[in-house]
Amino acid sequence: MHPDVLLIAFKRQEEIPEFLASWDPTGIADRIVVYTCENSISYTVLGSVALSTTKATNVLCFGGGQTVLNECKAGSKDVLFRVVDVSRPNGSGDGVERCSLLQDGLDFENVSLFVV
């Protein structure tokens, strides 16, 4: 990754330490800028806050779980989701979680989806 590139994430305050720790093995955790949201915010609302705050029309996802899937389903047709198909350790640490956007049979009428 180019040294000038920063990644951003919107997380609940209580989740930031665990989130950053989950990215430690990648060697890029120090390049992630985390925007803090209230602990009471739902994940679906958190995604909407992120898109409206950044005014993003392009979203690059490195994998992604149920939250990314919900954001994509609810997204505007003006938002282009690009997906890098990566897996990450699952919550229990005994397996891996594949990107939810790449499940067979999903149909995104309101979002263009590209696999990078």
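Observations
- Flag if Thr67 is under 21 Å from Val84 (Cβ atoms), modelled with pLDDT of 85 or more, of a type in the set (Ser, Thr, Tyr) and open to solvent by 40 Å² or more (accessible area, probe 1.4 Å): no
- Members of segment 42-55 found to be buried (at least 16 other Cβ atoms within 10 Å of the Cβ) and aliphatic (A, V, I, L, M), listed by number: Leu46, Ala50, Leu51
- Residue count for segment 1-33 satisfying the condition of being among the β-branched types (Val, Ile, Thr), open to solvent by 40 Å² or more (accessible area, probe 1.4 Å) and outside any helix (DSSP H, G or I): 3.
- A count restricted to segment 45-99 and to residues that are of a type in the set (Ser, Thr, Tyr) and within 21 Å of Ala21 (Cα to Cα) stands at 3.
- Residue selected from segment 70-99 under the condition polar (S, T, N, Q) and open to solvent by 60 Å² or more (accessible area, probe 1.4 Å), by the criterion nearest to the chain's Cα centre (by Cα): Ser87
The values are calculated or read from the model by the stated rules, or taken from the named source; none is laboratory data. Owing to the predicted nature of the structure, the values given are computational and were not obtained by experimental measurement. Neighbour counts run over all protein chains shown; Cβ positions are idealised from the backbone, glycine included. Heavy atoms of the whole protein, side chains included, go into the accessibility calculation; ligands, DNA and RNA do not. Shrake-Rupley method; radii C 1.70, N 1.55, O 1.52, S 1.80 Å.
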